[in-house]
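Remarks on the structure that follows.
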Amino acid sequence: AHTSSPDTNVSWSPANLSFNIAGGFMQDEIVFLNGVLHFTAGIRVEHNSLSGWDAQPTARLLWKVSPRQSLWTAYSLANRSADPDDTSIRDNISIFPTPGGLQVLRLMGNPAIKPERLNAFELGHRVQVLKTLSLDSTIFDNQYSDLLGQEPGQPFAEAGPPPRLVIPLVPQNDTSGRSIGGELATQWMPVHGLRMMAAYSLIEFEFTQTTAAGVTSKQQLWGDPPRHQLQLSSALNLPRHLEFSNALSFVDRRTVQNIPGWTEVDSKLSWRPAESADFSLGVQNLFNKEHIEFISQLGGLPTTLGRTINGRFTWHF
């Protein structure tokens with residue numbers, strides 16, 4: 001259960017100050033030195049019936065170095081509150097016979113776990129090199145604490161039929177680590193009506209788990225993101241309110257689940273006869289029959305993306 005405040009908006013023009021509360025989120029912006037510095041701060045407050053009250057603040061500072069260049073930095077604190085699966089799950093992961101009898105490996109909830117926490121730090125730079133060319137660069141450092149890791153609990157006997165020995169796996173806040181990386185992006189408009197974009201991102205993960213016995217080990221994360229990603233895209237305005245867009249994406253292999261890297265080409269033709277209406281016809285994965293995107297930790301068939309053709313109509317009113 002979550003609680004939230006009613007939507008409220010207040011502004012004060014002489015101080016260039018705005019104030020907003022919406023759905024439990026409060027944000028405040030102050031402008032200094034005639035717009036050279038912009039400081040924005042906010043906080044999200046929510047209540048979870050399992051873990052109580054929680055506050056998640058955020059702050060951002062923008063410095064306009066010149067009309068064509070700006071620097072910004074940001075900090076955010078984010079929490080993932082406990083859910084019923086974390087606190088009360090009882091799921092038999094595997095059952096296997098032994099010379100001493102049947103044994104069951106069971107995932108069991110822990111009602112005493114704390115919220116998982118993320119402290120996110122970002123630094124960015126934007127420059128308008130030419131009227132038609134802009135460059136953006138961003139670096140980040142995400143620091144995680146109190147992440148859930150599974151630790152074996154005290155085995156216990158359980159009556160049958162058949163009788164069995166249960167080996168519990170209990171989630172504990174025993175994992176921490178960080179992810180660091182960055183992104184480069186550019187947009188170029190060589191002629192009127194044509195936009196070309198390129199973006200590259202790099203991310204590195206490092207996590208450790210320290211058990212109650214004091215044993216520290218490197219922790220692998222299910223869903224470990226690809227280290228390298230590259231995207232090239234273009235959008236061309238055509239006569240009669242038509243737009244033709246294409247995107248080429250490369251995603252690096254994912255080492256934890258040993259998922260191969262893949263390259264994808266998407267294409268879309270859009271028609272906007274009026275401001276309120278939009279028609280589009282697109283093709284995803286144009287030159288690939290299919291590729292694996294994700295393998296579930298709980299087993300089952302991997303998630304794959306094949307070639308698809310889709311149409312969409314949007315009407316705004």
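Report in % the part of the accessible area of the chain that belongs to carbon and sulfur, leaving out ligands and nucleic acids; probe 1.4 Å.
Carbon with sulfur: 61 percent of the solvent-accessible area.
Once every DSSP H run of n ≥ 4 in the chain is given -39500 (n - 2.57) and the sum is divided by its residues, what mean residue ellipticity at 222 nm do you get, rounded to the nearest 500 deg cm²/dmol?
For the chain, the value works out to -500 deg cm²/dmol.
Average the reciprocal distances over every distinct pair of alpha-carbons in segment 97-190, invert the result, and give the Kirkwood radius in Å.
Result for segment 97-190, one decimal place: 17.9 Å.
Multiplying the sequence separation of Ala157 and Ala212 by 0.36 nm and subtracting their Cα-Cα distance, what value in nm do you get?
17.5 nm
Kindly sort His228, His241 by accessible area of their heavy atoms, largest first, with the probe set to 1.4 Å.
If we order His228, His241 from most to least accessible, we get His241, His228.
Report the accessible area of Leu77, computed with a 1.4 Å probe over the heavy atoms of all protein chains in place, in Å² rounded to the nearest 10.
It works out to around 30 Å².
Leaving out ligands and nucleic acids, and using a 1.4 Å probe, what accessible area per residue does the chain come to in Å²?
In whole numbers, the chain has 63 Å² accessible per residue.
Starting from the Cα-Cα distance between Glu122 and Asn237, subtract it from 0.36 nm times their residue separation and give me the gain in nm to one decimal.
38.0 nm
Taking the chain, how much of its Cα-Cα pair set, in percent, is spaced more than 36 angstrom apart?
So the pairs more than 36 Å apart make up 42 percent of the total in the chain.
Counting only protein chains, not ligands or nucleic acids, how are Glu29, Glu290, Glu183 ordered by accessible area (probe 1.4 Å), most first?
So the residues, ranked largest to smallest area, are Glu290, Glu183, Glu29.
Once the dipole of the chain is set up with Lys and Arg at +1 and Asp and Glu at -1 on Cβ about the Cα centre, which of Leu107, Trp53, Gly177 lies farthest towards its positive end?
About the Cα centre, the residue reaching furthest to the positive side is Gly177.
Taking Lys268 as the anchor, which lysines have their alpha carbon closer than 26 Å to its alpha carbon, excluding any fewer than eight residues away along the same chain?
Lys289
What is the local net charge at Asp278, summed over the other residues whose Cβ is closer than 13 Å to its Cβ (Lys, Arg +1; Asp, Glu -1)?
Net local charge, Asp278 excluded: +1.
The values are calculated or read from the model by the stated rules, or taken from the named source; none is laboratory data. Note that this is a predicted model, so its numbers are computed, not measured. When we count neighbours, we look across all protein chains shown, and the Cβ atoms used for this are built from the backbone with ideal geometry, even at glycine. Accessible surface areas use protein heavy atoms only, side chains included; no ligands, DNA or RNA. Shrake-Rupley method; radii C 1.70, N 1.55, O 1.52, S 1.80 Å.
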